[in-house]
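Engineer: The following block contains the structure, expressed as structure tokens.
The values are calculated or read from the model by the stated rules, or taken from the named source; none is laboratory data. Computed from a predicted structure; not experimentally measured. No Cβ is skipped: glycine too gets one built from the backbone with ideal geometry, and neighbour counts run over all protein chains shown.
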Ligand SMILES: [Fe+2]
Ligand SMILES: [Fe+2]
């Protein structure tokens with residue numbers, strides 16, 4: 001399974017993405033006829049949901065303009081994961097390798113596009129905040145000089 005991951009230069013987000021891809025890789029090689037497999041899958045869905053919630057809270061706090069589109073991509077993935085889980089449980093079937101490959105591909109693609117764009121915004125925002133601080137500092141300084 002392809003475990004390549006685009007690092008975004010943000011320790012927390014990179015760590016969470018790595019953990020998600022590792023989780024998928026673990027699921028892909030686990031025997032599916034044991035209760036551990038189902039537990040691990042449920043745990044993985046919890047983890048990916050927490051990751052999405054964390055990212056969405058970050059986006060909301062920064063008033064990221066593309067939040068709604070980004071959130072929709074998260075929702076689609078959670079719905080697909082729950083659907084695979086449901087059909088596995090109901091049919092007591094086997095999850096094919098393609099499903100895990102698709103999960104891994106989706107994650108890598110989402111990180112490469114949506115998450116990377118958000119990180120670019122976050123960095124620009126930090127620079128913008130710094131500039132605003134400098135402008136305020138300068139005007140305070142000029143006012144002081146003038147008085
Ligand atoms: Fe992410
Ligand atoms: Fe995301």
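Engineer: Scan (1) within 16 Å of ligand 1 (Cβ to nearest atom); (2) over 24 Å from residue 6 (Cβ atoms) for the single condition residue 87 breaks and write down its number.
Structural biologist: (1)
Engineer: Within the range 7-18, track down each residue that is touching a residue at least 24 places away in the same chain (Cβ under 8 Å) and surrounded by 14 or more Cβ atoms within 10 Å (Cβ to Cβ).
Structural biologist: Correct list: 8, 10, 13, 16, 17.
Engineer: Anything in the range 18-43 that is within 16 Å of ligand 2 (Cβ to nearest atom) and within 20 Å of residue 84 (Cβ to Cβ)? List them, or say none. Full working, then the answer.
Structural biologist: Taking the range 18-43 as the starting set, the residues that turn out to be within 16 Å of ligand 2 (Cβ to nearest atom) are 18-21, 23-24.
Listed by number, the residues that qualify are 19, 20, 21, 23, 24.
Engineer: Additional query: Mind checking which residues of the range 1-20 are within 16 Å of residue 99 (Cβ to Cβ) and at pLDDT 95 or above?
Structural biologist: Matches in the range 1-20: 20 only.
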